[in-house]
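Notes for the one structure printed next.
The values are calculated or read from the model by the stated rules, or taken from the named source; none is laboratory data. None of the values given here were measured: they were computed from a predicted structure. Using ideal geometry, Cβ is built from the backbone for each residue, glycine included, and neighbour counts are taken over all protein chains shown.
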Amino acid sequence: MNLELIEALKELEKEKGIDSEIIIEAIEAALISAYKKNFGSLQNVRVFIDRVTGEIKVFARKEVVEKVEDERAEIALEDAIKINPKYELNDVVEIEVTPKNFGRIAAQTAKQVVVQRIREAERTLIYDEFSNRESDIVTGTIQRIEAKNIFIDLGKTEAILTPTEQIPGESHNIHERIKAYIVEVRKTPKGPQIIVSRTHPGLLKRLFELEVPEIHDGIVEIKSVSREAGSRSKIAVYSHDENVDPVGACVGPKGMRVQTIVNELRGEKIDIVKWDKNMEVYIANSLSPAKVLDVQINEEEKKARVIVPDYQLSLAIGKEGQNARLAAKLTGWKIDIKSETQAKEAGIYFEDNKEYVEG
């Protein structure tokens, strides 16, 4: 323990951003424990590291008393005065008790403290970096699969894709590159734990932001996303430029942009619909690819009755109600779908042949 330690800590401060004073104080605290453990001392001691030379000294701390009852913690007033005439009762006298072979123990202890502090600092940096990236996409390599949990190597750390966040029916292999959505970053004793998802609607939104320049530039805005991962999704988009078709921008030339996203999600079907401030139009659009004859809305209860041609009823509802369910999630409205014949039989008036134009 010498000048080299001080220089090394200063260099560490520059490289890792770890305050050298904090490390020195941690080493001093660790050396107190090391001294007591190795020398069987029950004394109250203080360890001091010279910030310039790196020299280490151990001092026994004793309270000045009239009558000594415990020599390990007390010193008689007359003995204290021999050390320094200024000492009075209840003062604390420090007597150097540095062992001759303490250097080796000190060096080993210092190394352990420094390594621990570096590890803690790196964990903090990783936590800060990824906690700021919650709700963002990361790309990594599958490192291992344990008990259906997939561990993804992100370079500095790893992320966990739990079974509940995996797309149903999707299989993965070791060393496979994969995109995932950061759901949560937790602090744990072993470092930051990054929970990612392949089923979160946010993944679909981020993929469109990556693939569609108009979204990235703010010309096209994603208003809403509804998703049943691995099966089908709907995304509502709006253009702030009347000369830009939001649906066309997301589909891309020859459907290339949306196909890239479909491929990333292993064939998940994606309906891109145009958002409209007119709720009737928006609800009609949300049921795409079905054509809608009429939409009747109840603003207070946020309910909508939708009339579709007889031959479009099954398409509007979708397999096991999926299309209607996704449209309801997308718009935030309850949607009741009826065929033209059902509406007429129920005596529901509607504007026949009313047009709702998608796109």
Inset, instruction - Consider only pairs whose beta carbons are under 7 Å apart and that are at least six residues apart or on different chains; among these, list those whose first residue lies in the stretch 190-204 and is surrounded by 21 or more Cβ atoms within 10 Å (Cβ to Cβ) and whose second residue is among the basic types (Lys, Arg) and assigned to a helix (DSSP H, G or I). - result: Pro192/Arg123
Inset, instruction - Give the stretch 187-217 a look and list any residue that's over 25 Å from Leu326 (Cα atoms) and either among the hydroxyl-bearing types (Ser, Thr, Tyr) or out of contact with any helix residue (DSSP H, G or I) (no Cβ under 9 Å at 6 or more places or on another chain) (or both), or say none. - result: Thr188, Pro189, Gln193, Asp217
Inset, instruction - Scan the stretch 250-267 residue by residue and report those that are of a type in the set (D, E, K, R) and out of contact with any Lys or Arg (no Cβ under 7 Å at 6 or more places or on another chain). - result: Lys254, Arg257, Arg266
Legend entry - Single condition Ile174 does not satisfy, out of (1) in a loop (DSSP other than H, G, I, E, B); (2) under 22 Å from Thr331 (Cα atoms); (3) among the β-branched types (Val, Ile, Thr): (2)
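Can you confirm whether the stretch 9-22 contains a residue that is farther than 30 Å from Thr124 by Cβ and surrounded by 12 or more Cβ atoms within 10 Å (Cβ to Cβ)?
No, every residue in the stretch 9-22 fails to be farther than 30 Å from Thr124 by Cβ and surrounded by 12 or more Cβ atoms within 10 Å (Cβ to Cβ).
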Inset, instruction - Return the only residue of Lys148, Lys156, Lys179 being of a type in the set (Lys, Arg), buried (at least 17 other Cβ atoms within 10 Å of the Cβ) and outside the structural domain of Ile18 (by TED's automatic domain parsing). - result: Lys179
Legend entry - Checklist (1) on the phi > 0 side of the Ramachandran plot; (2) charged (D, E, K, R); (3) surrounded by 18 or more Cβ atoms within 10 Å (Cβ to Cβ) applied to Glu165, failing item: (1)
Inset, instruction - Only helices (runs of 4 or more DSSP H) wholly contained in the stretch 242-333 count here; list those with 1 or more residues that are modelled with pLDDT of 95 or more, surrounded by fewer than 17 Cβ atoms within 10 Å (Cβ to Cβ) and among the hydroxyl-bearing types (Ser, Thr, Tyr). - result: 256-264, 313-317
Legend entry - Pick from the stretch 105-128, criterion of a type in the set (Asp, Glu) and loosely packed, with under 14 Cβ neighbours inside 10 Å, ranking: farthest from Val47 (Cα to Cα): Asp128
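For every residue, the table says whether it meets (1) modelled with pLDDT of 90 or more; (2) within 22 Å of Gly202 (Cβ to Cβ); (3) touching a Lys or Arg at 6+ places or on another chain (Cβ under 6 Å).
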{"position": "Asn101", "(1), (2), (3)": "no, no, no"}
{"position": "Ile105", "(1), (2), (3)": "no, no, no"}
{"position": "Thr109", "(1), (2), (3)": "no, no, no"}
{"position": "Gln116", "(1), (2), (3)": "no, no, no"}
{"position": "Arg123", "(1), (2), (3)": "no, no, no"}
{"position": "Ser135", "(1), (2), (3)": "yes, yes, no"}
{"position": "Thr139", "(1), (2), (3)": "yes, yes, yes"}
{"position": "Arg144", "(1), (2), (3)": "yes, no, no"}
{"position": "Glu158", "(1), (2), (3)": "yes, yes, no"}
Legend entry - Of all residues in the stretch 130-149 being of a type outside the set (Lys, Arg) and part of a loop (DSSP other than H, G, I, E, B), the one that is farthest from His172 (Cα to Cα): Asn132
Inset, instruction - Name every residue in the stretch 191-214 that is part of a loop (DSSP other than H, G, I, E, B) and under 18 Å from Leu161 (Cβ atoms), in order of residue number. - result: Arg198, Thr199, His200
Inset, instruction - Please find, among Ile219, Ile215, Ile194, the residue that is more than 29 Å from Gly318 (Cβ to Cβ) and either among the aromatic types (Phe, Trp, Tyr) or within 24 Å of the chain's Cα centre (by Cα) (or both). - result: Ile194
Legend entry - Complete set of residues in the stretch 134-145 that are surrounded by 14 or more Cβ atoms within 10 Å (Cβ to Cβ) and without any contact (Cβ under 8 Å) to a residue 60 or more places away in the chain: Glu134, Val138, Gly140, Thr141, Ile142, Gln143
